[in-house]
Structure formats: structure tokens, C-alpha cells
Amino acid sequence: MARLRNWWTNLGLTNQIAVISIVVASVLAIVLCTVTATVQILTAWWTPQPLKAPATEPGTPVEREDSDVIHPGDTKSFFGGRVRISLQATQPHPDPESYVVFATVWAPGHEAQQIDGEPVGYWMTYQAGTTFRVHVTAANHEIAAFSVFPVPALSPTPVLTPIPLTPVPHTPVPSPTHVPPTHTPIPLTPIPLTPVPHTPVPSPTHVPPTHTPIPSHDFRYLQGSLRQFPNCGVVHLRGKVIGVGGEPVNGTTVRLRFGGKAAYNVSGEGGSAGEWGFAPLDPAMFHTPTLFTIDIVRSESDPLQLSDAVLIQFLDCALSGQFDNIVFAYVR
């Protein structure tokens, strides 16, 4: 002990300060390492474990989309026949660059649902045991394209299992030596303001009004007027011809075409004013799909077309055997 005291005395003041600085620095390094290790241990224990979603069972098919193109008068099956679409017709939309679609969405053993003059981009929901979403993706004067999507059932919410936390024993950390901060004033340098140039707002551009095109026919089918119901007593098609003010018009020749045949009926003859009708099928044809085309012509001897054509896809009398309220209006 006396030797250590003599050694310390002989070091001198400068060396004593150096030894004290080394010892203090070593103690601070040990304290810093202890604090860092303690924080890492606490972080590892308190960080929650990520939850993993249950994986899909092996061999489970993932149904995404089934798309196809259909011609008027045809029927296409989707998802192995679970959904079927029969296209009756496509007709020009009031917007000359677009078309509207007339189709029947159905499935064996389920109620049919109509797409009655809807434009491209139309969505509908159809229930056939499974919920499906039907989308009209494109159409022109020859075809219509459809996409069918099954709506997946909601997955059950996963149950969260809490992870037990084991407490970490508390180790007291010695307080570090306080070193007063040194305050050095920072001079403030003013920032010059740059003026923003004024940009004039341009005047709005005048858009000339668009002109409504003149109808190409004397008569036009009123979109959405058709109604259809199951009827296996007699398959018939009925309608009316009206004037500009909605009054019934007699003496107009209505033509029905189907299966390479043509039939004619004059509005107002043998019935109420302006009305016409057909019962074209034998009972043996009540379950045979047939495409009906109805329009107005000048006469039976001079069948010049005077209206757009209405296409009706007959599938089965149990689905739709009664088609009425087919209205043609005079537009000149």
C-alpha cells in the first residue's frame, strides 16, 4: 500500500490527471454497453410476433374470371355451365360511338335475369347458388363481350393467440456524470424574398353546340318498353304503334321474322287502336330456342324497313313465353 502511495505521489499532477481520465472513460464505456444490452433485451421481449394468414388448402381451385364473345341469337356457358348468357341483340347507343346490349343471364334451376338495353361497362349481380358478377366489356353491331366473376365467400377472422411475456429482472443503471452544455450563439442570416411573377389566366375556349342527328328511320323502338313473362299456354308477341304525341297509329305494317320465315300484321286491325300481335310457334316448339326479329316495313308487298329491328331471344316458355308492350314510336 505504501509503494502504491509513493508511486502515485511520484507521478506528478499531469500524469495523475491522465490516469484519472483513462479510468473515467473506461467506466463510462462499461455503463454505455450495459444500457445498450438492456434496451436490446427489452425490445426483443416486447416486440409482438407477426401473425401469418392461413394458407390455402392444397388442391383448392382459385376461380378468377371467365370471359367470352357472343353473337346475337347465341348462348354461351361460363364456369362449366354454372352461368349462361343468351344474347338477343346489340343496338347503337344515343352516343354514336357506343352500343347497348339486350341479353338474358340464366342458369338451370334458377331464375333468369335480364340485361335490357344496358351500355358497355354495365355490371350486375346474379345468384345461382354462388354469387356471380357479370360485366359487359364490349359491344358492336355484330357481337357483345362478357366477363363473369365469382364473388368469394368471406374468410373467417383469424383468432389471435396472445404470447406470454416473461418479465426481465431490473438492473439499476448508474447515473452518468452530468456535463453542462456549451452554448454557442448562431448568427441569423436574413433570406431575401423573391417576388412570384403573375401568370394571367386564359379565357375559356368557346365550344360550339352539337347538333342532334336526324333519325335514319320513320319509326323507332322505345328502349325498355318490352315486358316478358313465363307462359306455356301460348307463346305470343304483342305491341303498339304510337305517334309523336303518344296517340295510337293504325294501318302500320309490322313484320316478324324467325327460322327463315316472315309474318305480317297491321296495327289496329282486329284489335284495339294501334295494337298488333303474333302467335307464331306450334306447341312442339315451346321448348326450342328461337330468335325473333321485329320491325316496321312499308307493306307486305313492299317490305322496305322503316324502323330499327328488335331482337328477342326465346329460350323456353317456362322462362319467357309472353312478350308484350313492344312499342314503336313515329319520330319524323
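The values are calculated or read from the model by the stated rules, or taken from the named source; none is laboratory data. The structure presented is a predicted model; accordingly, all values stated were derived computationally and were not measured. Backbone-built Cβ (ideal geometry, glycine too); neighbour counts: all protein chains shown.
Across region 286-330, what is the total count of residues that are surrounded by 14 or more Cβ atoms within 10 Å (Cβ to Cβ) and either part of a strand (DSSP E or B) or of a type in the set (A, V, I, L, M, F, W, C) (or both)?
Of the residues in region 286-330, 29 are surrounded by 14 or more Cβ atoms within 10 Å (Cβ to Cβ) and either part of a strand (DSSP E or B) or of a type in the set (A, V, I, L, M, F, W, C) (or both).
Go through region 248-269 and count every residue that is in a strand (DSSP E or B), farther than 14 Å from TYR221 by Cβ and charged (D, E, K, R).
Going residue by residue through region 248-269, those that are in a strand (DSSP E or B) are 248, 253-258, 261-266.
Checking the rest, the ones that are also farther than 14 Å from TYR221 by Cβ come to 248, 253, 257-258, 261-266.
Narrowing further to those that are charged (D, E, K, R): 257, 261.
The total comes to 2.
Take VAL244 and decide whether it is surrounded by 13 or more Cβ atoms within 10 Å (Cβ to Cβ) and either outside the structural domain of VAL100 (by TED's automatic domain parsing) or more than 41 Å from the chain's Cα centre (by Cα) (or both). Even if it seems obvious, please write down each step before you answer.
Details: surrounded by 13 or more Cβ atoms within 10 Å (Cβ to Cβ): no; either outside the structural domain of VAL100 (by TED's automatic domain parsing) or more than 41 Å from the chain's Cα centre (by Cα) (or both): yes.
Against the criterion (surrounded by 13 or more Cβ atoms within 10 Å (Cβ to Cβ) and either outside the structural domain of VAL100 (by TED's automatic domain parsing) or more than 41 Å from the chain's Cα centre (by Cα) (or both)), VAL244 does not qualify.
Do you know which of the residues in region 261-285 that are touching a Gly at 6+ places or on another chain (Cβ under 8 Å) and small (Gly, Ala, Ser) is surrounded by the most Cβ atoms within 10 Å (Cβ to Cβ)?
Selected residue: SER267.
Exactly one condition in (1) at pLDDT 90 or above; (2) among the hydrophobic types (A, V, I, L, M, F, W, C); (3) not in a strand (DSSP E or B) is not met by LEU87; state its number.
Status for LEU87: all satisfied but (3).
Scan (1) modelled with pLDDT of 95 or more; (2) in contact with a Phe, Trp or Tyr (Cβ under 9 Å, 6 or more places away or on another chain) for the single condition ARG82 breaks and write down its number.
Checking ARG82 against (1) modelled with pLDDT of 95 or more; (2) in contact with a Phe, Trp or Tyr (Cβ under 9 Å, 6 or more places away or on another chain), the one that fails is (1).
Evaluate the following for ASP116: is it part of a strand (DSSP E or B) and among the charged types (D, E, K, R)?
When the stated conditions are applied, ASP116 passes them.
Can you name the residue in region 123-134 that is of a type outside the set (A, V, I, L, M) and surrounded by fewer than 17 Cβ atoms within 10 Å (Cβ to Cβ) and, of all such residues, is nearest to LEU319 (Cα to Cα)?
Here is the first cut: in region 123-134, the ones of a type outside the set (A, V, I, L, M) are 123, 125-127, 129-133.
Narrowing the set further to residues that are surrounded by fewer than 17 Cβ atoms within 10 Å (Cβ to Cβ) leaves 123, 125, 127, 129-131, 133.
Values: TRP123: 22, THR125: 19, GLN127: 16, GLY129: 18, THR130: 20, THR131: 20, ARG133: 21 Å.
Out of the qualifying residues, it is GLN127.
Go through region 276-327 and report how many residues are closer than 30 Å to GLY245 by Cβ and either assigned by TED's automatic domain parsing to the domain that holds THR90 or of a type in the set (Val, Ile, Thr) (or both).
The total comes to 8.
Within region 64-122, work out how many residues are of a type in the set (D, E, K, R) and more than 24 Å from THR288 (Cβ to Cβ). If you could, list the steps in order and put the result at the bottom.
Going residue by residue through region 64-122, those that are of a type in the set (D, E, K, R) are 64-66, 68, 74, 76, 82, 84, 95, 97, 111, 116, 118.
Those still in the list that are more than 24 Å from THR288 (Cβ to Cβ) too: 64-66, 95, 97, 118.
So the count comes out to 6.
Quick check on my filter: what residues within region 234-247 are among the β-branched types (Val, Ile, Thr) and part of a strand (DSSP E or B)? Steps first, answer last, please.
Applying the first criterion (among the β-branched types (Val, Ile, Thr)) to region 234-247 yields 234-235, 241-242, 244.
VAL241, ILE242, listed by residue number.
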